[in-house]
Amino acid sequence: MAVRHVITIQVASGQAARFADAFKALQAVVGQEEGCEQYELFQSLDDPDRLVILEQWASQELLEKHMEAERSGYSSLIDALVELWASGVLPTVERFDV
């Protein structure tokens, strides 16, 4: 069963372009992971500081492997993104069966 994550992030005002640039570095690494079927960033047309990451993984097991890599191996890439989040607004993560 494939799994999709829809992650909505509110970045600090005017920081969407910086976030997109930092995301590209992470995307290049994650896109090579086993089971990664989609890992893309989209910008809202209604609120340019609201971004959505669409992830699709071949299985829950491979998604969990990816999440562990994010926690341990990609911390500097993740930190570069987190520092651009809007203060006090945590991302939302929605999970879907594909």
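Bear in mind that the values in this text are calculations on the coordinates, not laboratory data. What you see is a predicted model; the values in this text were computed from it and never measured. Cβ sites come from the backbone with ideal geometry, for glycine too, and all protein chains shown count toward neighbours.
This model, with +1 at the C-beta of Lys and Arg and -1 at the C-beta of Asp and Glu, gives the chain a dipole about its Cα centre of some 180 debye.
How large is the convex hull of the C-alpha atoms of the stretch 51-98 per residue, in Å³? Intermediate values should be presented prior to the final figure.
Values: hull volume 4.3 nm³, N = 48.
Convex hull of Cα atoms, per residue: 89 Å³.
Excluding the site residues themselves, the longest part of the chain lacking any GluC sites (Glu not before Pro) in a DSSP loop with at most 15 other Cβ atoms within 10 Å is 35-82. Compute the acute angle (0 to 90°) between the alpha-carbon long axis of helix 60-72 and the principal axis of greatest extent of the alpha-carbon atoms of the chain; round to the nearest 10°. That works out to roughly 50 degrees. The candidate values were [x] 37, 27, 22; [y] 40, 34, 20; [z] 53, 25, 22; the one computed from these coordinates for Cα extents along the principal axes in Å carries the label [x]. With K and R counted +1 and D and E -1, the other residues having a Cβ less than 13 Å from that of VAL11 yield a net charge of -2. Per residue, the chain reaches -11500 deg cm²/dmol at 222 nm when only DSSP H runs of four or more residues are counted, each adding -39500 (n - 2.57).
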